[in-house]
1. Against the conditions (1) touching a Gly at 6+ places or on another chain (Cβ under 7 Å); (2) surrounded by 17 or more Cβ atoms within 10 Å (Cβ to Cβ), where does Asp92 fall short? Just the number, please.
2. Pick out the one residue from Asp54, Asp83 that is in contact with a Lys or Arg (Cβ under 7 Å, 6 or more places away or on another chain), loosely packed, with under 14 Cβ neighbours inside 10 Å, among the acidic types (Asp, Glu) and assigned by TED's automatic domain parsing to the domain that holds Leu19.
3. Within region 35-54, which residues are under 25 Å from the mean Cα position of the chain (by Cα) and within 20 Å of Leu98 (Cα to Cα)?
4. Among what's in region 44-76 and is of a type in the set (A, V, I, L, M, F, W, C), in a loop (DSSP other than H, G, I, E, B) and under 17 Å from Val113 (Cβ atoms), pick the residue that is modelled with the lowest pLDDT.
5. Given (1) touching a strand residue (DSSP E or B) at 6+ places or on another chain (Cβ under 6 Å); (2) modelled with pLDDT of 90 or more; (3) assigned to a loop (DSSP other than H, G, I, E, B), identify the lone condition not met by Val80.
6. Scan region 14-46 for residues that are touching a Phe, Trp or Tyr at 6+ places or on another chain (Cβ under 8 Å) and charged (D, E, K, R) and jot them down.
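The values are calculated or read from the model by the stated rules, or taken from the named source; none is laboratory data. The structure presented is a predicted model; accordingly, all values stated were derived computationally and were not measured. Cβ: placed from backbone, ideal geometry, glycine included. Neighbour counts: every protein chain shown.
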Amino acid sequence: MYIDLKDYCDHDEPSKFSLIVFHSGEFTDIPCRSYVCGKYNFIDSADINDFGMDIAEEMVKQLGYSVYMVFYFHYKIPYVCLDLGLKSLSSDSDFTSLFEHVRSGVKLIEIYVEHWTLRVLMTSCGEEVITQRPHGPPPESKMLKCMMLLLLICFSVTTMITEMEMKKMKRTMIFMKKMMMRVLMIRILMKRLGRKLT
């Protein structure tokens, strides 16, 4: 999709700008990188005096994502392709260069959101690293599966312990019965022996 950034340069206040937020997709590899299988939303009247990491996180939550999901944010340098123009936004200090573009007259900033898995990682030297972590379900799904597995393990262990205790109890009861039978037999024999002696 081609967007003419000049169409968004008519904000009256120099600190105001608009955002196009790409989300629910993922980046392809370079060269000719693109953001595929995603959606986008326009957000108007953002202000560089207020915008930061907390606003960006709140922004994606307003788009309908869970508060427990992990997000990775990037913005694209205006007029530069995705192969060369992606910059990560991981803290409030990372927004400084973004705001410089707004002050220079750019009024539409492209924000890209990665969910669950960080595909593009920019180092402090500006070098890009493609992470090897596989794409997968969100962390809360993995956590839920782990919790279910843990519960199953606990239940199995508890069942095993209970069965072992039951077996021990049965063995103990059988042993006690045998001992009682022996005691009774001894008493009977002693009575018979006593009668014979008298």
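1. That leaves (2) as the condition not met.
2. Values: Asp54 fails: in contact with a Lys or Arg (Cβ under 7 Å, 6 or more places away or on another chain).
When all the criteria are applied, what remains is Asp83.
3. Filtering region 35-54 down to residues under 25 Å from the mean Cα position of the chain (by Cα) leaves 35-41, 51-54.
Once the filter is applied, which keeps residues that are under 25 Å from the mean Cα position of the chain (by Cα) and within 20 Å of Leu98 (Cα to Cα), region 35-54 yields Tyr35, Tyr40, Asn41, Phe51, Gly52, Met53, Asp54.
4. Let us first name the residues in region 44-76 that are of a type in the set (A, V, I, L, M, F, W, C), namely 46, 48, 51, 53, 55-56, 59-60, 63, 67, 69-71, 73.
Keeping just the survivors that are in a loop (DSSP other than H, G, I, E, B) gives 48, 51, 63, 67, 69-70.
If we keep only those that are under 17 Å from Val113 (Cβ atoms) too, we end up with 51, 63, 67, 69-70.
Details: Phe51: 90, Leu63: 85, Val67: 69, Met69: 76, Val70: 76.
In this case the residue turns out to be Val67.
5. If we test Val80 against (1) touching a strand residue (DSSP E or B) at 6+ places or on another chain (Cβ under 6 Å); (2) modelled with pLDDT of 90 or more; (3) assigned to a loop (DSSP other than H, G, I, E, B), just (1) comes out false.
6. Glu26, Arg33, Lys39, listed by residue number.
Residues checked against (1) modelled with pLDDT under 90; (2) charged (D, E, K, R):
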site	(1), (2)
Leu86	no, no
Ser91	yes, no
Asp94	yes, yes
His101	no, no
Ser104	no, no
Glu114	yes, yes
Thr123	yes, no
Glu127	yes, yes
Gln132	yes, no
